[in-house]
Amino acid sequence: MEELASVFGVRARMVRCAAGEFLRGSKLRLCVVLGLIVLFWFLMFGMFLDAFRFLETFRAISDMLLDYLFAFFFMSLMVMMTISNAIIAYTSLFRSEETAFLFTLPVRAESTFTYRSADSIVFSSWGMATLVVPMILAYGLTFPAPGYFYPAALVLAVLFILLATELGAFFAVAVALLLPRRRTSARAAAAAVCLALLGVYLRPLWLQRPTSIFTEAGIKSIMDRIAFCQHWALPSRWVGHGMLTAARGNPQEAGFLALLLAANVLFCGMLTQRFAFHAYRRTWETVQGASTRRAYLSGRWFDRLLDAALAFLPARLRLLVTKDVKTFLRDPTQWSQFLLFFGLLALYIVNLPRFGVAALQPYWHSLIANLNLCATCLTLATLTSRFVFPQLSLEGRRIWIMGLLPIRRTLILWGKFFFSVVGTFLVSASLIAMSDLLLGLPAWTLGVHLLVVACVCCGLNGLAVGLGAVYPRPGTDNPSKIVSSFGGTLNLICSICFLAFVLAPVVAPLHMHALKALEGRAFAAWLAVGLGTVLSVSALACVPPMLAGARAFSRMEF
């Protein structure tokens, strides 16, 4: 305990110093960060409040619907938080320089494991504060709830965070224990399990007959599909049902579920700690000493394929793009989160026909397609801020090598821009094309959506690459610190504002056309003005930041 108290005391002093430096820094940055946090929180609160008020109008079935929705919400959150915590824990436990330093100190391995895996709690708490807290407050304001509902819900939420953190840390060590030694078999087994689970989930969807979701049969079908989240052995069920029973005036059952969850948190914590006691240090040494020669040899076919795909680029630019592609693929932290975001979107879009959207009016087809476009673009803004903006800074102490290359520095920056634009466009355009085709939209609508996606990709990546060169942080290899810096915050703000100015001029005319409020020449004129605005705003978001970034990178001293 003294070891943990010492290292956590040092971390507390570091956090205090960082917070003091942040508060003493730019007041504009402080106001912008706090303003965005408050704005996002109130947006989530308003969304939950509207949803609960809508459910309140159906008092006969609202309790049953809330039971299903709470269980499904917390189960989804449990899965996403466990995966996210496993990724964060793997980076903290096995890829951090601080971990290597702690192993040189007279600190036990299990203490180091506890200290480093606690980083996940910060990110989990952030997600809980921005998702669960506004939901609890919105529910309490909509439905009558006793005063003890709020502390009971808070206790259940904290226990939920701890359980997801422990599971993530356990899976991180388990993966690190198996992957370096049996890399091929472990990957094959993981892929087989994922495909099997996906098949089990999708098969009933494809076998059932499409029904409209706005009918009694459609609602019953949806409830049957998510009934599995009501299983009594799922911790997410305990959390959701515990909150609802506390709100409905049953403190005994809520207390029992809280104690049941606490017992499982203590058991999982003890199990994870003992697992770390026996395996963590040995696993850490294995990961640090794992040979990559086999991976490089097995990747020669991929190198030839990549060279053939990029043959139209100049030789030097092709080498830079190839380097960025390999760096991205060799970092599981990046491609796993990228796959998670777009994989969920793809799963939703593939299942659109199962919801009976073909039987809906064309207005609903247009509305769903426009919402899918907005959701995809917002996901792109998140991913470019998280992955593209830190690209130059993550070169770290090796950035001086790029300065010595026999090519212009501006070419290096444009290579990163080209890699990001092509990668994001291929994925996002595929999703939008799949969505529009499944909804049966006309070809000209698909063309408009693809043009908007191309402009959005250029604008978002131009902002991220350009501002990443203007505000670099090559002294740190932690992407979270780079993203949370002033440059990262400014990039996120500019990206959100850019999307507002790009999407509104096109989505509004399309929506009005679906309502039959704009037709003929008037619609064509408004759509032409909207597309012109999209092209102009995208050029302004792409070219000036890239020129400023190229100028700053050319003047950078290493």
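The values are calculated or read from the model by the stated rules, or taken from the named source; none is laboratory data. All values reported here derive from a predicted model rather than from experimental measurement. A quick note on method: Cβ atoms are made from the backbone with ideal geometry, for glycine too, and the neighbour counts reach across all protein chains shown.
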Review point. Can you find a residue in the stretch 456-477 that is surrounded by fewer than 19 Cβ atoms within 10 Å (Cβ to Cβ), in contact with a helix residue (DSSP H, G or I) (Cβ under 9 Å, 6 or more places away or on another chain) and under 20 Å from Leu378 (Cβ atoms)?
Key: no
Check your understanding: Could you give every pair whose Cβ atoms fall below 7 Å, whose first residue belongs to the stretch 72-88 and is in contact (Cβ under 8 Å) with a residue 24 or more places away in the chain and outside the structural domain of Cys229 (by TED's automatic domain parsing), and whose second residue is among the β-branched types (Val, Ile, Thr) and crowded, with 19+ Cβ neighbours inside 10 Å, counting only separations of at least 6 or pairs across chains?
Key -> none
Exercise for review: Specify the residue that is surrounded by the fewest Cβ atoms within 10 Å (Cβ to Cβ); the eligible residues are those in the stretch 245-262 that are touching a residue at least 40 places away in the same chain (Cβ under 8 Å) and touching a helix residue (DSSP H, G or I) at 6+ places or on another chain (Cβ under 6 Å).
Suggested key: Ala262
**Study point:** Pairs where the first residue, in the stretch 476-495, is under 20 Å from Phe328 (Cα atoms) and the second is modelled with pLDDT of 75 or more and of a type in the set (Phe, Trp, Tyr), C-beta under 6 Å, 6+ apart
**Key:** Gly488/Phe389
Check your understanding: Does at least one position in the stretch 350-372 carry a residue that is modelled with pLDDT of 80 or more, loosely packed, with under 14 Cβ neighbours inside 10 Å, among the hydrophobic types (A, V, I, L, M, F, W, C) and assigned to a helix (DSSP H, G or I)?
Key -> yes
Review point. If you check every pair at least six apart or on different chains, which have Cβ atoms under 8 Å apart with a residue in the stretch 452-464 that is without any contact (Cβ under 8 Å) to a residue 60 or more places away in the chain first and a residue that is part of a helix (DSSP H, G or I) second?
Key: Ala454/Phe425; Ala454/Ala429
